[in-house]
Amino acid sequence: KRCNLAVENFAEIDLLTFINLPVCLPNLKRRTIFTKDIERYVLEHFIFSLKTNKKIIFPTGNTPLEMYKMLKQQNDIPNHSVFQLDEYLKSTEYQEYLKNNLPSNFRFHFIDAFAEDIEKECIRHDALCQNIDLTILGIGKNGHIAFNEPHTTTLMSPTRVVSLEKKTVEDNDTKFTKAITLGIQTILRSKQIVLMAKRNKREIVEKVISGSVVVPAKY
Ligand code: GLP
């Protein structure tokens, strides 16, 4: 389908991938969209088309920053509930990011990364994220999604505490080595998922689309 902003390409999925992805079956309508204006494309096609009071997951990172700026400048943004995707263990860095960069009329549901019983906190937050209307994601250079790292993630990974890979700690320039992440299993239950990536992620995105690597973004 051609539109003013982008050309959409439909990817074929091979049989092996297909039979390995049973939990994704309802979500197999995958589209790859190349556009010079990713911010406006995602805003217009996914965010502005939501009616009021929807449940949304927004990622942190540099990739969506410009889009958040445009979203904040918009008048009359409907009220939505925002659910946190991930957080460093014993930190509020990502919650602060979301509060600072997203419209203030949104209702925020954060992960308590200081909770005494962190496993209980994962279950509590996970339960709130079961019927999300729209999830926007970024991607790590190693193919991670949220903090689902390649070496410790499967399709069925739950919401949990994870150890970050060395590459992630370096790329994110952080002192933290552990984090809480929404699991792949829960992310895949979202009614719509958009993975945004810019030119700096070209290498990993090409590998994921061609199927030459098995990393969490592939799911
Ligand atoms: C972090 C976050 C991810 C995010 C990624 C990409 O690792 N945990 O959720 O997608 O960074 O960030 P950037 O957009 O800055 O490359």
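The values are calculated or read from the model by the stated rules, or taken from the named source; none is laboratory data. Quick caveat, the model's predicted, so the values are computed rather than measured. With ideal geometry, Cβ positions are generated from the backbone for all residues, glycine too; neighbour counts draw on all protein chains shown. All accessible areas refer to the heavy atoms of the entire protein, side chains included, with ligands and DNA or RNA removed. Shrake-Rupley method; radii C 1.70, N 1.55, O 1.52, S 1.80 Å.
Details
- Filter result (closer than 26 Å to Tyr88 by Cβ and either assigned to a helix (DSSP H, G or I) or touching an Asp or Glu at 6+ places or on another chain (Cβ under 7 Å) (or both)) within region 184-215: Ile184, Gln185, Thr186, Ile187, Asn200, Lys201, Glu203, Ile204, Val205, Val208
- First in region 140-155 and under 15 Å from Glu87 (Cα atoms), second anywhere and part of a loop (DSSP other than H, G, I, E, B) and aromatic (Phe, Trp, Tyr), Cβ under 9 Å, 6 or more apart: Gly140/Phe147; Ile145/Tyr219; Asn148/Tyr219
- Residue ID - nearest to the ligand (Cβ to nearest atom), chosen from residues in region 77-131 that are open to solvent by less than 10 Å² (accessible area, probe 1.4 Å) and aliphatic (A, V, I, L, M): Leu85
- Considering only residues in region 54-65 that are within 11 Å of the ligand (Cβ to nearest atom) and not in a loop (DSSP other than H, G, I, E, B), the one that is least open to solvent (accessible area, probe 1.4 Å) turns out to be Ile57.
- Once region 169-190 is narrowed to residues that are without any contact (Cβ under 8 Å) to a residue 60 or more places away in the chain and more than 13 Å from the chain's Cα centre (by Cα), the residue that is surrounded by the most Cβ atoms within 10 Å (Cβ to Cβ) is Asn172.
- Scanning region 136-159 for residues that are in contact with a Cys (Cβ under 9 Å, 6 or more places away or on another chain) and within 14 Å of the ligand (Cβ to nearest atom) returns a single hit, Thr159.
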